[in-house]
Every structure is written in structure tokens, then in C-alpha cells.
Ligand code: RB5
């Protein structure tokens, strides 16, 4: 079964719940590490938990959510091996997989998306990494870690 890990802070409680429901409806087994209340927590802690879980293996991707998606995606991108995209359109989400082979995708619960964030998520899920020249660029990108 395809697996995804999802985590959120207090800024994205209801969008995170929608994401989990959507993924389950699509047949994913979801490990949910977020919070379902609006008591303040720190998004870097949630990013770290989700990435540590992802690293256990067997996951197709992770979804991270905070108020804007910015803090939690930056946090995840500080961790080795993580490429977390923060797309606001389905096109960008598709490219995040096809060109960047993103292994995490982030959303903002307080962002007014002009496209349904679940469609944006589907764009990412349904896309396939194209390899080829993108492989070389990703290798270069990952070589920047720790510089
Ligand atoms: C929390 O108030 C908020 O700063 C957080 O959810 C996120 O938007 C940070 O990038």
C-alpha cells in the first residue's frame, strides 16, 4: 500500500484534516503526526518529527502544513535528503515531482489558494519524476547541503 506521512502545526488544523481524509480516500495509508487543536506549537518540531518518520522508510512522500507552509517547509529543507516544495498551483506541484523529485509537499492553512489545495496535492501525487537532465540538477542541488 502507498504510504504518506502528514504533520501540521496549529496554523493548518482543518486543512491538514482535509488532506488526511483526501489521501485516505485515494487509498494511502497515512501516518498522521499533526495536531487537531489550535494550541500553539512550533512548526520546526513537526517538520523534524515527520522527516524522522519518513526516514524509517516505506513512505512515498510527506505533507507538511503550517499557517503559510513557509516555516515548516524551510525547516524540512534543512534536513538531509529532503526536498520540500511549496507550490500554490497544480502546475507547480506537478513540476515539483517531474523536475525536482520533491519528497515532501507543503501547504499553508491560512493561505487563500486560487486553486483547491487538494487538486494541487493531486497534481503532485499523479506526476512522475522525469529523470534525465533533472537527475543531474538534483544531484547538484543535494550537493549544496551542508555548504
Ligand atoms: C504560526 O503562527 C505560524 O507562524 C506558522 O504556522 C507558519 O505560518 C510559519 O511559517
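The numbers here are math on the coordinates, done by the rules we state, and not lab data. Just so it is clear, the model here is predicted, and its values are computed rather than measured. Here the Cβ is made from the backbone with ideal geometry for all residues, glycine too, and neighbour counts use every protein chain on show.
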Query raised in the report: Taking only C-alpha pairs under 8 Å that are 6+ residues apart, what is the relative contact order of the stretch 24-146 in percent?
Result: 22 percent
Report task. For the stretch 1-57, calculate the relative contact order in percent as a whole number, restricting contacts to Cα pairs under 8 Å that are 6 or more residues apart. Result -> 45 percent
**Report entry** Most mobile listed residue (63, 51, 30) in the chain, GNM with C-alpha springs under 10 Å
**Finding:** 30
Query raised in the report: Hey, how many Å between the Cα centroid of the stretch 41-95 and the Cα centroid of the stretch 16-39?
Result: 14 Å
Requested in this report: Counting helices only, and only those DSSP H runs with n ≥ 4, report the 222 nm mean residue ellipticity of the chain as the sum of -39,500 (n - 2.57) divided by its residues, in deg cm²/dmol to the nearest 500.
Outcome: -13000 deg cm²/dmol
Query raised in the report: Stretch residue 1-residue 40 to full length: gain in nm at 0.36 nm per residue minus the Cα-Cα span?
Result: 10.7 nm
Report summary line: Exposure-ranked with fewest Cβ neighbours within 10 Å first, 15, 118, 64, 144 stand as 144, 118, 15, 64
Report summary line: Among 77, 101, 116, the residue with the largest mean-square fluctuation in a Gaussian network model of the chain built from Cα contacts under 10 Å is 116
**Report entry** Likely footprinting exposure, 2, 114, fewest C-beta neighbours within 10 Å first
**Finding:** 114, 2
Query raised in the report: If the stretch 62-102 were replaced by its equivalent ellipsoid, with semi-axes equal to the square roots of 5 times the Cα gyration tensor eigenvalues, what would those be, largest first, whole Å?
Result: 17, 14, 6
Query raised in the report: What's the angle, to the nearest 10 degrees (0 to 90), between helix 133-143's Cα axis and the longest principal axis of the chain?
Result: 70 degrees
Report summary line: Its Cα gyration tensor gives the stretch 1-45 an equivalent ellipsoid whose semi-axes in whole Å, largest first, are 21, 11, 6
Query raised in the report: Between residue 116 and residue 145, how many nm apart are label points set 7 Å from Cα along the C-beta direction?
Result: 3.5 nm
Requested in this report: Sticking with the crude label model, points 7 Å out along Cα→Cβ, report the distance from residue 91 to residue 49 in nm, one decimal please.
Outcome: 3.7 nm
Query - Cα-only radius of gyration and Dmax that characterise the chain, units Å - result: 14.2, 45
Requested in this report: Specify whether the C-alpha gyration tensor of the stretch 21-106 places it in the rounded, prolate or oblate class, a ≥ b ≥ c being the square roots of the eigenvalues: rounded for a/c under 1.5, otherwise prolate if a/b is larger than b/c and oblate if not.
Outcome: rounded
Requested in this report: Report the extension gain between residue 26 and residue 70 in nm, rounded to one decimal, defined as 0.36 nm multiplied by the number of residues separating them, less their alpha carbon distance.
Outcome: 13.3 nm
